[in-house]
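What follows is a single structure, written as C-alpha cells, with notes after it.
The values are calculated or read from the model by the stated rules, or taken from the named source; none is laboratory data. Values in this document were obtained by computation on a predicted structure and should not be read as measured data. Cβ placement follows ideal geometry from the backbone for every residue including glycine, while neighbour counts extend to all protein chains displayed. The protein model used for the area step is the full one, side chains on, heavy atoms only, and it has no ligands, DNA or RNA in it. Shrake-Rupley method; radii C 1.70, N 1.55, O 1.52, S 1.80 Å.
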Amino acid sequence: MAKIIGFCCNYTAQVPVDVLEKEGVIGGGVELRRLPCTGRLEVPMLLDAFGEGADAVFVAGCKIDTCHNKTGSLRASKRVRYAKGLIEELGIDPELLEMFFADRGSTGDVVEAIKEMEKRTEKGA
Amino acid sequence: MDLKGEAGNFTATVLKRPRYIDEDKCTACGTCTMYCPKPVVDWYNERLEVTRAPHIDYAQAIPSSYYIDARECLRINHETCNLCAQTCTAGAIDFSQQPKTLELSVGGVVLTPGFGRVDDEVLERFGYGRFPDVVTSLEFERLTCAAGPTEGHIVRPSDETTPKKIAFLQCVGSRDETCGNGFCSSVCCMYAIKEASVAKEHEPDLDISLFFMDIRTMGKGFDAFRQEATKKYGLNIIRARVPKVEEVDGKLALTYVEEDGTSKSDLFDMVVLSVGLTAPEDAQVISERTGIELNKYAFCKTTPGAPLATSVPGIYVAGAFQGPKDIPESVTQASGVAAHISELLKEVRGERAVTVTYPDEDRALCEEEPRIGVFVCHCGVNIAGVVDVKAVRDYAGNLPGVVLYEDTLYSCSQDALKHIAERIKENRLNRVVIAACSPRTHEPLFQETLRSIGLNPALIEMANIRDQCAWVHAQEPEAATEKAKDLVRMAVAKARLLEPLEQPTVDVTPSALVLGGGAAGMAAALSIAEQGYKAVLVEKTKELGGNLRRVTWTVDGEDAKKVLDDLIDRVKKHPDIEIMLGTEVKNVSGYIGNFTTTVERGGNTELINHGIIVVATGGREHRPKGFLYGESDRVLTQLELEERLKRGTSFLRNATRVSMIQCVGSRGNDLNHCSRICCTQAVKNALKLKEKRPELDIYILFRDMRTYGLYEDLYREARTKGIKFIRFDKDSYPQVVKKGRGIAVKVFDKIIGSEIEIPSSYVILSTGIAPGDNEALSQILKAPLTKDGFFLEAHAKLRPVEVAVDGVYLCGLAHGPKGLEDSIAQAQAAAAKACIPLSKGKVAVAPIVSHVDQKKCIGCGICASLCPFNAIEIVKVDKKRKAQTITASCKGCGICASHCPTLAISMGGFTDDAIFAQIHAFGEGIEKEA
C-alpha cells in the first residue's frame, strides 16, 4: 500500500483521516500533518517526508487570496516548486510531490488531493 | 384586504382568486392534469416533483376539486392550449372566472395563518442548495410519505440511492439569534424523532444520528414516545450543535464538539435539517390591516391570562401565529377561539341557521318485498377505465330482488342524484345499492338523497368498486371486473335484509357542571356562562384558585394574583355561575344531555341535573423524597420559593448562593412524565432572585432545558445575567448534602470531567406536577386515565379536550402538566366543545347503535364491562338482570355484539343475518368457479 504524507493548514481539512478511512472514502496509508499555516512549511520537511518512506507527498493550503496569513500558501507553493527540482535530482518523479489549493474549511478538496496522489502513486508503481 | 369596524360589527374586504375550475362540477377525476402540457413545480411536495398547471395539492384536499395554477397556465397567460377544458367530461373548467372582491359583514375575526418558512439563506449555511443530499425536514417528510414523490422510499436526491447513514440537525433556524430567530420552535425535537422512526420502519438497516442541544419533548406522552423510539429503533442521540456541513467525496461530513470537549467527525449519506417554525411571511401585512400588535419575532402578541385574544377586541388568534406549537395545542386553541366567538355572537346565535325538512318516511313501502335498485358508477374514467361498468350493471340485473339496474357517469353529481331520486320514485324502490366509491366519503350524500324522497337513510348499501377494484387492480381489468361483480352481489345480498333505523334525538339540559375551581375550571365556567348557559362550579376546597393561588408571577413577569383575582371576581359576579365550595362529587349517572350528579357539601348530599361535565380537577405539586427535602429548612420547592418571595426578601439576607435542581421527581423518577413547566419556572424564579439580589450566585442543574417557544428568551436572558447552567444525566443525579452548618450540592460537571461541590444558601427543587386524585373520579365517569394518572383525551390530536365518554370535557392539569397560558386556552376549548350540545338543545343519536334482545340476554354483564363508552347498563326486568343500551351514548363500535355469548346483541345496519347473507353471497361465486 502506498504511503502518502500530506501537509495541510489548520483551516483546510476538518475531518480526521481515520474517519475518512473508516468510511472508505480514502485508502489506508495516508497521514495528514497539520500546520498552523502552510507558510510554516520548509523544504527539508518535504524531503524528510520522502526520507521517512513516503511514496508521495502533497501540500494543501488555502486558495491564494484567502490565506489567513495573506501569503502563506503562496510561499508554500514556491517551496514545493523548488523541492520538486531537488527530488528530481534525487531520482524521484516530481509528480509525486504536489501543491493543492483548497477552499477554507473544505475537507472535500483535501480528499480530492489525496485521491489524486493515490492515482499518481499507482501510475508510478 | 381590509378590516373596518369593531367587535360585533366588522366589515372585512376579501379578495377571492379564481380557481378556474368549478368546484361543484369537478369530480376530481384527474383528466385535466393528465392532458395538460405544462409541467409545474409541485410545491406541496416541497419541489421534489413536478405536476401540471391544473392539479390538486393532495388527494384529501378540501374542497376535493382541482384548480389551475394561474401563474403557469398557457391558456391564462398566452391564450393558447385550452386542452384541459376540451378533455374535462364534467365541463368544470371555466376560464371566464375573475378575481372577486367580497365584502363580508362579520361579528368576530379569527387569525389562523399558520407559520412561515425559515429563510433559505439560513439553510445555505448548512450546505442546503449546494449539496443535493442536504434536505429540509419538510422534504424528508414528503420522501417518507407513501403518497409522496418516492412513494415512501427514502432516496438521496443526488443519485436516487438509498442512504445508509442519515443525520438530523436540530435547531436550524431556531434558538439562533444570528438569523433573528431567538425562540425555540417547540416541535422539531419531536418531529425529528418521529421522522427518524418512520425512516427506520421503512429501512431497518439505516443508521440514524440526531444532533440535539436540548431534547425538548415536553408534550403529553412525548417523553415516553422518545424513550420508546430511541430504544426500539436504536437512534444515536448526540448532544452537539453542528456548525456546518461539508461535502467529501459524495458524502456529507459533520464535525462537532461533544459534551466533554472532544472534537469528532463523521460522514453521512444524507443530512436532514430540522427547520423551525417562524412567524408567517405576511405577519406585518396582517398586523397593518387588522391593527393587532405583534411581538418582537412577529408572532401575534398575547398575554398568559388571555392567550387567544389579540390586542384588538373581537379579533382572536389560534395556532402557530400565536407562537410555535404542535397540532394538539393548535387544535385546542382553535376550539378556544370558537368559544370566544360564540361568546361574542351569542345574541345572534342560530339566526342564520337553515333548517332542512324531509318528507315523512314511507313506512309501508319498506315493509314490502325488497325492490332493489343498483346504480353502477363510471366515475368518469376512474372506474370505467379499468372495470367494465356495463358488464357489472347487466350482471346486477340477474341478481334476485333487483328490479332496476343502471350505470351513471358520475353518480355523486347533482344531476345524477336528481336522476337517481326520480328513478327510485318511479320504480317504487325500497332498497338501493350504489356501486361506486367509498362509503366513508360518499354514503352521507346518498343517504341524504334517500331522505329527500321519504326513504329511510339506512336502506342504502355501497360497494366500493373504485378503491377496491379499479384502483388496486388497475393492471388486471378482467379480474377487477369479476371482483366488482362479487362486491355488487354481496351488497345486494345484504341490501335485501336492510331494515330502516330510527334516528332518535334526546333533549339536553342546558347547563354545565364544572369540576374544579382552579384557573382552568373558572375559565371554562366563565366561557360557558358568557356563551349563555348556566354553569355550576364545584370546588373541593374552601376557596377558588387552585394551584394558581401559589404562583407569584406569570412568565411574563405580571402579578399572578391580578390574573387570579380578575378570574375570581368575574366568576363571582356572573349571574349564570353557581359556585359550590367545599363540595365533593359522589356519583354521576346519566348520559350526554341528561346527567345527574350527586354531590356532598358540609355533610349534606345534593342532586344536580346538567347536560355536560367539564373536568378541571387539576393536579398538585409533587413532594419528593430525598434531596434533604423536609430535613433542612434550606431546601424548598419552586412554589415554596415563590410563596416566600411574595412575603419579602428578608430570608435572603445572608444568602450568597442559590442552586436549583430540575427534574426532581419528573422524567423517570417518581413521575415518568416531563412536567413541562418547571424549566421555565426555574428560569423565571432565578431571574426574579437576580432582580431582587443582583449579587446572588445562581446555579441551575438540569437534564434538558425545556424553555420551549418564546420562553427561550428567558433562558437566554438568564445566561446573559450570569446564571450558571450545569447539565447532568439521568444516572448521575445531583446530591444535596449537609456541609458544616449549611448545605451543598454535589454534581458531576461534564465539561471539566469531575464532580464539583456547590455550597448553597438555598437549594430549590423543581419537583414537577403530579396528577390529582383522579382515580376515583375516573371510575365514577368511566373516563380512562393515562399511565401517568392524567385523564386520557378521546384523540390526542383531533379531540384533545374531549373524553371518550360523550358529554365529558377536559382541561387544565387534570389533562396533563401545562402552564397558565395553555390551561386557559384549553379551558376555553373545553367550553366551546361543551356548548355544542348545550346550544343545539338536542343530541342526535347515531342510528347505528347496538340493540339487546332481552329474551336472549342472560344478564352476564360482559357487554357492560367491555363497553368503552359506558353505553350499556344492566337493569332488572321482572327481577332478572338484563342488559340495555343507552342509545344516546352508544357509538356503534360493535364490541358488545362480538362478545355476547348468546348472540343477543345486534348492531343496527350490521345485523348478523345481513353479514351472513353477504358472506354467503361471496361463497356462491367461489363455488361456481370451483
Taking Cα atoms only, helix B:678-692 is inclined relative to the longest principal axis of chain B by an angle, in degrees rounded to 10, of 30 degrees
Which order do B:THR332, B:THR656 take when ranked by solvent-accessible area (1.4 Å probe, heavy atoms of all protein chains), largest first?
-> B:THR656, B:THR332
Tell me, what ³J(HN,Hα) does each residue in the range B:538-543 have, in order and in whole Hz, if you take phi through Karplus 6.51 cos²θ - 1.76 cosθ + 1.60 with θ = phi - 60° and put x for Gly and Pro?
-> 9, 10, 5, 8, 8, 9
Order of exposure, largest accessible area first, which applies to B:SER732, B:SER137 with probe 1.4 Å = B:SER732, B:SER137
May I ask for the distance between the Cα centers of the range B:551-588 and the range B:662-690, given as a whole number of Å?
-> 24 Å
Round to the nearest 0.05 the FRET efficiency obtained for B:THR505 and B:SER64 when R0 = 35 Å and r is the Cβ-Cβ distance.
-> 0.70
Share of antiparallel DSSP beta bridges in chain B, in percent to the nearest 5?
-> 55 percent
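Roughly to the nearest percent, how much of the accessible area of chain B is carbon and sulfur, given a 1.4 Å probe?
Ligands and nucleic acids excluded, carbon and sulfur reach 51 percent.
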Classify the range B:1-40 as rounded, prolate or oblate, taking a ≥ b ≥ c as the square roots of the eigenvalues of its Cα gyration tensor: rounded when a/c is under 1.5, otherwise prolate if a/b is larger than b/c and oblate if not.
-> prolate
Report the relative contact order of the range B:120-275, percent, no decimals, based on alpha-carbon pairs under 8 angstrom and at least 6 residues apart.
-> 30 percent
Past the 32 Å Cα-Cα mark, which pairs from B:LYS301/B:LYS797; B:LYS231/B:LYS625; B:LYS586/B:LYS688; B:LYS494/B:LYS840; B:LYS855/B:LYS891?
-> B:LYS586/B:LYS688; B:LYS494/B:LYS840
Among the aspartates and glutamates, which have Cα under 20 Å from the Cα of B:LYS730 when same-chain residues fewer than 8 positions away are ignored?
-> B:ASP214, B:ASP223, B:GLU228, B:GLU258, B:GLU259, B:ASP260, B:ASP670, B:ASP704, B:ASP749, B:GLU755, B:GLU757, B:ASP788
Starting from the residue with the highest accessible area, list B:ARG657, B:ARG130, B:ARG125 in decreasing order, probe 1.4 Å.
-> B:ARG130, B:ARG125, B:ARG657
Fraction of accessible area attributable to carbon and sulfur, the range A:4-124 (%, probe 1.4 Å) | 48 percent
Evaluated at 10 °C and 1.306 mPa s, the Stokes-Einstein D of the protein assembly as shown based on the Kirkwood radius over Cα pairs, in µm²/s, stands at 46 µm²/s
In degrees rounded to 10, the 0-90 angle between helix B:560-573 Cα long axis and the longest Cα principal axis of chain B is 50 degrees
For the pairs A:LYS22/B:LYS264; B:LYS746/B:LYS818; B:LYS561/B:LYS818, note any where the Cα-Cα span goes beyond 23 Å.
-> B:LYS746/B:LYS818
Per DSSP, the loop-located trypsin sites (Lys or Arg not before Pro) within the range B:293-344 having at most 14 other beta carbons within 10 Å are B:LYS296
What FRET efficiency comes out for the pair B:ASN82/B:ARG125, r = Cβ-Cβ distance, R0 = 45 Å, nearest 0.05?
-> 0.45
Taking the alpha-carbon set of chain B, what are its Rg and Dmax in Å?
-> 31.4, 99
In degrees, nearest ten, helix B:912-929 long axis to first principal axis of chain B (Cα) = 60 degrees
Per-residue ellipticity at 222 nm attributable to helices in the protein assembly as shown (runs of n ≥ 4 DSSP H, -39500 (n - 2.57) apiece, nearest 500 deg cm²/dmol) works out to -9000 deg cm²/dmol
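With the Cα gyration tensor of the range B:850-916 giving a ≥ b ≥ c as the square roots of its eigenvalues, does the rule (a/c under 1.5 for rounded; else a/b larger than b/c for prolate; else oblate) give rounded, prolate or oblate?
oblate
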Can you list the residues of the range A:1-39 whose accessible area drops by at least 20 Å² going from the chain on its own to the full set of protein chains, with a 1.4 Å probe?
-> A:GLN14, A:VAL15, A:VAL19, A:GLU23, A:VAL25
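Relative contact order for chain B: what is it in percent, counting Cα pairs under 8 Å that are at least 6 residues apart?
11 percent
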Where the centre of each part is set by its Cα atoms, how far does the range A:45-83 sit from the range B:451-510, in angstrom?
-> 80 Å
For the range B:589-742, averaging the sequence separation of alpha carbon pairs under 8 Å that lie six or more residues apart and dividing by its residue count, the contact order in percent is 18 percent
Protein-protein interface of the range B:246-262, residues with accessible area decrease of at least 50 Å², isolated chain reference, 1.4 Å probe | B:GLU246, B:VAL248, B:ASP249
Checking the range B:293-345 for GluC sites (Glu not before Pro) in a loop per DSSP with at most 13 other beta-carbon atoms within 10 Å yields B:GLU293
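Counting other Cβ atoms within 10 Å, which GluC sites (Glu not before Pro) in the range B:102-179 have at most 14 and lie in a DSSP loop?
Details: sites: B:GLU103, B:GLU121, B:GLU124, B:GLU139, B:GLU141, B:GLU151, B:GLU160, B:GLU177; in loops: B:GLU151, B:GLU160.
Passing sites in the range B:102-179 are B:GLU151, B:GLU160.
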Between chains A and B, what is the buried accessible area in Å², counting both sides, with a 1.4 Å probe and ligands, DNA and RNA left out, to the nearest 100?
-> 1000 Å²
For the protein assembly as shown, give the share of DSSP beta bridges that are antiparallel, in percent and rounded to the nearest 5; count only bridges with both residues there.
-> 50 percent
The protein assembly as shown - accessible surface per residue (Å², probe 1.4 Å) | 46 Å²
State whether chain A is rounded, prolate or oblate according to the following rule on the C-alpha gyration tensor (a ≥ b ≥ c being the square roots of its eigenvalues): a/c under 1.5 gives rounded; otherwise a/b larger than b/c gives prolate, and the remaining case gives oblate.
-> oblate
Given springs between every Cα pair under 10 Å in a Gaussian network model of chain A, which of A:GLY53, A:GLY72, A:GLY91 has the largest fluctuation?
-> A:GLY91
Which of B:MET705, A:CYS8, B:SER650 sits farthest toward the positive end of the charge dipole of the protein assembly as shown, with +1 on the Cβ of Lys and Arg and -1 on the Cβ of Asp and Glu?
-> B:SER650
